[in-house]
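Remarks on the structure that follows.
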């Protein structure tokens with residue numbers, strides 16, 4: 001199934017480059033693994049290399065690279081938790097800016113891991129709201 005047909009809603013609200021990255025990677029992964037979760041995980045991994053989730057969409061990161069410890073690992077697929085599109089490898093200052101943009105309460109007293117979790121929750125809320133859930 002072509003990636004454009006199964007493009008997630010968060011990517012439909014994102015820059016064209018993020019959409020193209022997901023589609024090309026998804027289509028290539030479908031040829032290798034077949035349609036399904038594995039192809040979708042591969043496509044999201046490619047998006048997370050250059051984009052981070054902010055609210056209900058994806059925005060370009062300041063630098064390319066893995067977004068969290070799971071993405072850094074490489075090798076065989078593991079079922080370790082990810083940061084859900086939050087660039088957990090970003091600086092605390094960057095995470096504070098994202099948290100401010102998302103109006104995360106109590107952000108000034110949070111540690112870096114707490115900021116990552118709070119941003120992830122805020123992103124999930126924004127996505128649910130955008131989908132009408």
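The values are calculated or read from the model by the stated rules, or taken from the named source; none is laboratory data. A quick note: this is a predicted structure, and the numbers were derived from the prediction, not measured. Using ideal geometry, Cβ is built from the backbone for each residue, glycine included, and neighbour counts are taken over all protein chains shown.
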- Item | Output for segment 83-118, where each listed residue is within 11 Å of residue 54 (Cβ to Cβ) and either touching a residue at least 40 places away in the same chain (Cβ under 8 Å) or in contact with a strand residue (DSSP E or B) (Cβ under 8 Å, 6 or more places away or on another chain) (or both) | 85, 86, 87, 98, 101, 102
- Message: Consider segment 56-102. How many of its residues are at pLDDT 90 or above, surrounded by fewer than 16 Cβ atoms within 10 Å (Cβ to Cβ) and in a loop (DSSP other than H, G, I, E, B)?
- Response: 1
- Task: Return yes when residue 14 is outside any helix (DSSP H, G or I) and either touching a residue at least 24 places away in the same chain (Cβ under 8 Å) or exposed (fewer than 14 other Cβ atoms within 10 Å of the Cβ) (or both) and no when it is not.
- Result: yes
- Which of (1) at pLDDT 95 or above; (2) under 13 Å from the mean Cα position of the chain (by Cα); (3) outside any loop (DSSP other than H, G, I, E, B) is the odd one out, the single condition residue 41 does not satisfy? (1)
